[in-house]
Amino acid sequence: MQLQLIESKIFEVRGQKIMLDFTLAEMYEVETRALKQAVKRNIYKFPIDFMFLLNETEIKEMVSQNVIPSKSYLGGAKPMAFTEQGVAMLSTVLKSKKAIEVNIAIIRAFVMIRQYALTYKELTEQLKAIEGKFTDVYEAINYLLQKDKIQTEQKERVQIGYKKDKK
């Protein structure tokens with residue numbers, strides 16, 4: 001399974017990276033109903049930091065972002081959101097070879113996202129450190145970038161004061 005495809009199915013909800021039950025069911029090639037039943041039979045394996053139900057506000061937001069085509073797509077059931085740990089735990093309740101292969105690919109995707117986030121954070125910190133050392137250079141660059149805009153604004157200003165008649 002392609003990591004890019006998996007990454008596109010990972011979303012952020014409540015500050016956590018998650019995957020939705022119907023997406024996972026599709027990847028595991030099982031019905032969503034079967035996946036939910038397996039989880040409910042083993043609910044003790046899924047504490048709140050592994051799996052939670054989306055609330056109405058979160059469902060509406062997912063629909064507005066086209067993650068879920070419409071609320072009716074869910075058939076009245078609230079989707080289960082699985083964190084990285086929850087996805088790993090799914091392999092203990094869905095024991096098919098396909099589920100294990102998909103879980104390995106999904107966990108690799110979560111790891112890649114985490115590594116990317118750390119790299120991005122490090123780069124941001126390094127840029128801020130550089131910016132602090134070269135504040136004069138940054139101010140000069142910003143001035144040059146804003147110069148044309150400032151000149152245009154000055155020309156468009158209404159002049160005040162004494163005006164001579166044009167005759």
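Read-outs throughout are calculated quantities, based only on the coordinates presented, and are distinct from any laboratory measurement. On a predicted model such as this, the values are computed, not experimentally measured, just so you know.
The computed Cα extents along the principal axes in Å for the structure shown corresponds, within [x] 91, 41, 27; [y] 60, 37, 24; [z] 101, 67, 30, to [x].
Across the chain, the mean sequence separation of Cα contacts (distance under 8 Å, 6 or more residues apart), normalised by length, yields a relative contact order of 25 percent.
Its DSSP H runs of at least 4 residues, each contributing -39,500 (n - 2.57), put the calculated 222 nm mean residue ellipticity of the chain at -19500 deg cm²/dmol, to the nearest 500. Taking each residue as 0.36 nm, the span from residue 67 to residue 43 lengthens on full extension beyond its C-alpha to C-alpha distance by 6.1 nm. Measuring against 21 Å, Cα to Cα, the residue pairs 36/97; 36/78; 40/60 contain 40/60 as the ones spanning a longer distance. In summary, no helical segment of the chain meets the span-like criteria, namely a full DSSP H run, a Cα extent along the axis of 30 angstrom or more and a mean Kyte-Doolittle hydropathy of at least 1.0. Residues whose amide H lies under 5 Å from that of residue 17, counting only those 5 or more places away or on a different chain, are absent; hydrogens are built 1.01 Å from N in the peptide plane.
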